[in-house]
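The values are calculated or read from the model by the stated rules, or taken from the named source; none is laboratory data. Computed from a prediction, not measured in an experiment: that's the story for all the values here. FYI the Cβ positions are ideal-geometry reconstructions off the backbone, even for glycines, and counts take in every protein chain you see. Heads up: the accessible areas ignore ligands, DNA and RNA and are worked out on the full protein's heavy atoms, side chains in. Shrake-Rupley method; radii C 1.70, N 1.55, O 1.52, S 1.80 Å.
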Protein chains: 2
Amino acid sequence: MRPIGLVRSAYTATSQIPKGLGASHSAEGVLEIAPEFEEGLTDIEGFSHLFVVWMFDRAQGFDLMSRPPSDDRPHGVFTTRSPRRPNPIGLTVVELLGRDGPRLRVRGIDMLDGTPILDIKPYLSSIPEDQLRRGWLDEAEARAQKQ
Amino acid sequence: MRPIGLVRSAYTATSQIPKGLGASHSAEGVLEIAPEFEEGLTDIEGFSHLFVVWMFDRAQGFDLMSRPPSDDRPHGVFTTRSPRRPNPIGLTVVELLGRDGPRLRVRGIDMLDGTPILDIKPYLSSIPEDQLRRGWLDEAEARAQKQ
């Protein structure tokens with residue numbers, strides 16, 4: 001595994017990244033792809049949304065149970081987006097705003113500046129919202145609304 | 001990077017996996033998580049859909065331009081799901097049907113039997129279909145409908 005590029009983001013500390021219930025990820029940033037991989041972006045302008053696969057390069061170690069910022073109870077790490085995972089891989093859906101050669105301007109950044117990008121994939125289809133169940137997150141939201 | 005488990009699938013050769021325009025991924029299979037990571041699945045039963053991050057462990061090398069099965073024209077590899085990518089990482093959305101200890105029964109498998117799993121993440125929200133643009137894939141579908 002080697003980076004294909006780096007995230008350019010306004011976030012330099014994890015404390016700056018919106019987290020928890022109702023956090024909105026509307027920050028803009030740039031996916032800066034290394035020149036030797038630029039040809040792999042051919043035709044990407046036609047896509048509105050992309051998956052970005054990246055490395056939690058500043059996380060160390062992992063926990064199998066994780067206490068997410070959106071709940072006061074611990075849950076299995078594979079039901080959370082915690083950085084402390086057995087393989088420190090991150091996944092973010094971004095909206096593609098524009099391209100300038102090897103630089104993709106995107107909205108929806110929740111990564112730190114300098115984060116290594118491992119892969120970019122096209123976002124091709126969605127699960128309809130009414131078919132989604134989101135386990136403990138739905139329950140935490142319901143509890144928060146009652147309060 | 002080390003596998004957290006393996007995919008159990010009916011597919012033993014890539015030629016068996018549905019591909020191209022209109023391909024439907026409704027195959028069922030099992031995500032077999034290694035015992036030492038099972039605790040990380042705690043509370044996963046509440047989620048209807050999961051992201052599976054996995055390794056294209058039988059792909060070798062990569063191409064920056066890729067000719068996908070859904071089109072007769074080459075496109076940048078980062079706009080396709082080609083296995084021949086700079087980092088051989090796969091991403092699949094599956095529906096969680098049930099759990100038996102460290103075994104997750106899922107629908108939507110498009111991986112080969114024995115594929116190493118790197119990570120599992122909760123699927124928390126969707127981009128509405130009417131906001132999606134899918135570049136060359138939309139164009140290839142439109143051409144196919146005209147014929």
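Points worth noting:
- Only a single item in (1) assigned to a strand (DSSP E or B); (2) at the interface with another protein chain (Cβ under 9 Å from one of its Cβ atoms) is not met by A:ARG99, and it is number (2).
- Some residue of the range B:80-89 being within 16 Å of A:VAL53 (Cβ to Cβ), surrounded by fewer than 23 Cβ atoms within 10 Å (Cβ to Cβ), of a type in the set (A, V, I, L, M, F, W, C) and in contact with a strand residue (DSSP E or B) (Cβ under 6 Å, 6 or more places away or on another chain): yes
- Pairs with Cβ under 7 Å, 6+ apart, first in the range B:118-147 and on the phi > 0 side of the Ramachandran plot, second crowded, with 19+ Cβ neighbours inside 10 Å and among the polar types (S, T, N, Q): B:GLY135/B:THR79
- Residue within the range B:119-126 that is part of a loop (DSSP other than H, G, I, E, B) and closer than 24 Å to A:ARG2 by Cβ present: no
- Any chance A:VAL93 is closer than 20 Å to A:SER9 by Cβ and out of contact with any Lys or Arg (no Cβ under 8 Å at 6 or more places or on another chain): yes
- Positions within the range B:107-128 being among the hydrophobic types (A, V, I, L, M, F, W, C) and either under 11 Å from B:ASP57 (Cβ atoms) or open to solvent by 20 Å² or more (accessible area, probe 1.4 Å) (or both), in sequence order: B:MET111, B:LEU112, B:ILE117, B:LEU118, B:LEU124, B:ILE127
- Residue within the range A:38-50 that is away from every other protein chain (no Cβ under 11 Å) and either part of a loop (DSSP other than H, G, I, E, B) or under 19 Å from A:ASP100 (Cα atoms) (or both) present: no
- Search result, residues across the range A:1-21 that are part of a helix (DSSP H, G or I) and touching a residue at least 60 places away in the same chain (Cβ under 8 Å): A:THR14
- Just one residue in the set B:LEU97, B:LEU137, B:LEU50 is crowded, with 20+ Cβ neighbours inside 10 Å and closer than 18 Å to A:GLY135 by Cβ; that residue is B:LEU50.
- Tally, over the range B:60-73, of residues that are farther than 23 Å from B:ASP138 by Cβ and out of contact with any helix residue (DSSP H, G or I) (no Cβ under 9 Å at 6 or more places or on another chain): 2
- Condition met for B:SER24 (farther than 17 Å from B:ILE120 by Cβ, part of a helix (DSSP H, G or I) and among the hydroxyl-bearing types (Ser, Thr, Tyr)): no
- Top-ranked residue in the range A:54-79 [being out of contact with any strand residue (DSSP E or B) (no Cβ under 9 Å at 6 or more places or on another chain) and of a type in the set (Asp, Glu); ranked as nearest to B:GLY90 (Cα to Cα)]: A:ASP63
- Consider the range B:63-73 and keep the residues that are modelled with pLDDT of 95 or more and either open to solvent by 70 Å² or more (accessible area, probe 1.4 Å) or facing chain A (nearest Cβ under 8 Å) (or both). The one that is nearest to A:ILE120 (Cα to Cα) is B:LEU64.
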